[in-house]
Amino acid sequence: AIVSSLFKLLHLPSYSWKREERNMLRRLCCLTAGIPACSGFLRDPRLRFPASVQSRAIRRPASTAVRNVFDEVLGGILGGGPSMSREAATLEKIDPSAFLGQFQAPRCPRGGNMLEGVSWPEEFPLDKEAAFRRQDENDDRFFYLAPRFVHHIDENAQDSIREYYAKTLPSGDLGGFSHLDLCSSWVSHLPESYRPERVAGLGMNQLELAQNKRLTESVVQDLNKKPDLPYGNDEFDVVTNVVSVDYLSRPLEIFEEIFRVLKPGGRAIMSFSNRCFPTKVIAAWFPTNDLQHCGIVASYFKYSGFEDLKAIEVTKSWGDPMYVVEGRKPPSQTSTAQ
């Protein structure tokens, strides 16, 4: 069925494919048909498709037919199946108060804090039911069952986040310093100059976590199913999440947990680019641009008790863009409940 769908896509008259894109899809057909010469191609389909395919066919499909075929193919291979809902939520439904309209255009030069001067409503501005739905609501453990030993952002974006960490995190051997890497994988993008005594990783695949040389401990947990973190109050100096915050379907609960496990004065740093698994990303991610994504993530911080909020584009020069949104737990506040 997958091979049949791919060949349908190859011959869609309403869509013009370049030669390299057709060749990529033919390789995918070979893989799904069991031809070993193409093994490994689908470890991460977002990285293997040319950028032109990603932008048109995956991020913003040219037609309903193209979108349906990609949903069927990617969902079927990665665990979602063709039964996922394709009803798209509009920005008006997701953001009835038009809060994200403040992020429609750049608010400051690159490198500046785009949260300065933002008007915050009294209550969380997004419609939770509409904003946090996903096309594929099947159990995430099936989607992440097979390890993906690939980089989910290009080298430029990797360098961008490592440089930001190197500039803003303490350096050297940090006795008693604890770091939590949420939605962790086989890499954490931590710079060599940053050496905390403890680095805990929480992710979805044990094989990936076992290959992460920066972790001193790890645990497998689906945060969308169980947002309670398996750690005590005030344990960590820093909590990070790289290119996975857009998959959290219960973000406010999770950010409250991040707040709880942070030490007073501790920092939480979320970073993301413009790539995603389309079937697993939250609905709010689709009708919004990269700057509005910063507003979405910043709202998680704001309405979970964090202060000193920042949203910064840290892209070096070319390639995948990279954004950082961070907040700090008030220095005088300790957690009392678990």
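The values are calculated or read from the model by the stated rules, or taken from the named source; none is laboratory data. Predicted, not measured: the structure shown is a model, and the values here were computed from it. Neighbour counts run over all protein chains shown; Cβ positions are idealised from the backbone, glycine included. Calculation scope for accessible area: heavy atoms of the full protein, side chains included, ligands and nucleic acids excluded. Shrake-Rupley method; radii C 1.70, N 1.55, O 1.52, S 1.80 Å.
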For N274, indicate whether it is farther than 21 Å from A166 by Cα, open to solvent by 10 Å² or more (accessible area, probe 1.4 Å) and in contact with an Asp or Glu (Cβ under 6 Å, 6 or more places away or on another chain). yes
Looking at (1) over 25 Å from S171 (Cα atoms); (2) open to solvent by less than 20 Å² (accessible area, probe 1.4 Å); (3) not β-branched (V, I, T); (4) not in a loop (DSSP other than H, G, I, E, B), which is the one condition that is false for L202? (1)
Subset of the stretch 90-127 [in contact with a helix residue (DSSP H, G or I) (Cβ under 8 Å, 6 or more places away or on another chain) and open to solvent by 80 Å² or more (accessible area, probe 1.4 Å)]: K93, Q104, P106, R107
When you scan the stretch 316-334, how many residues do you find that are buried (at least 18 other Cβ atoms within 10 Å of the Cβ) and among the hydroxyl-bearing types (S, T, Y)? 1
Write out, first by first residue and then by second, each pair whose Cβ atoms fall under 7 Å of each other, whose residues are 6+ apart or on separate chains, and whose first residue, in the stretch 247-263, is farther than 19 Å from K128 by Cα and touching a residue at least 40 places away in the same chain (Cβ under 8 Å) while the second is basic (K, R) and surrounded by 22 or more Cβ atoms within 10 Å (Cβ to Cβ). F259/K329; L262/K329
Only one of K280, K263, K302 that is under 24 Å from A200 (Cβ atoms) and at pLDDT 95 or above: K263
Within the stretch 282-310, tally of residues that are of a type in the set (A, V, I, L, M, F, W, C), buried (at least 20 other Cβ atoms within 10 Å of the Cβ) and under 19 Å from Y247 (Cβ atoms): 9
Of a type in the set (G, A, S), closer than 27 Å to D234 by Cα and touching a residue at least 24 places away in the same chain (Cβ under 8 Å) - does that describe any residue in the stretch 143-164? no
Does K226 fit the bill of being open to solvent by 10 Å² or more (accessible area, probe 1.4 Å) and either aliphatic (A, V, I, L, M) or free of Cβ contacts under 8 Å to residues at least 12 places away in the same chain (or both)? yes
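For every residue, the table says whether it meets (1) within 16 Å of the chain's Cα centre (by Cα); (2) crowded, with 17+ Cβ neighbours inside 10 Å; (3) modelled with pLDDT under 95; (4) part of a strand (DSSP E or B).
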site: Y164; (1), (2), (3), (4): no, yes, no, no
site: P170; (1), (2), (3), (4): no, no, yes, no
site: D173; (1), (2), (3), (4): no, no, yes, yes
site: G176; (1), (2), (3), (4): no, no, yes, yes
site: E197; (1), (2), (3), (4): no, no, no, yes
Condition met for T240 (of a type in the set (S, T, Y), closer than 20 Å to I153 by Cβ and in a strand (DSSP E or B)): yes
Quick one: L223 ticks every box in (1) within 21 Å of E123 (Cα to Cα); (2) assigned to a loop (DSSP other than H, G, I, E, B) except a single one, so which number is it? (1)
Where a residue in the stretch 110-131 is over 22 Å from F286 (Cβ atoms) and of a type in the set (G, A, S) and its partner, wherever it lies, is in a loop (DSSP other than H, G, I, E, B) and open to solvent by less than 30 Å² (accessible area, probe 1.4 Å), with Cβ under 8 Å and at least six apart: G111/V314
The one condition in (1) farther than 16 Å from S184 by Cβ; (2) in contact with a Gly (Cβ under 8 Å, 6 or more places away or on another chain) that G295 fails to fulfil: (2)
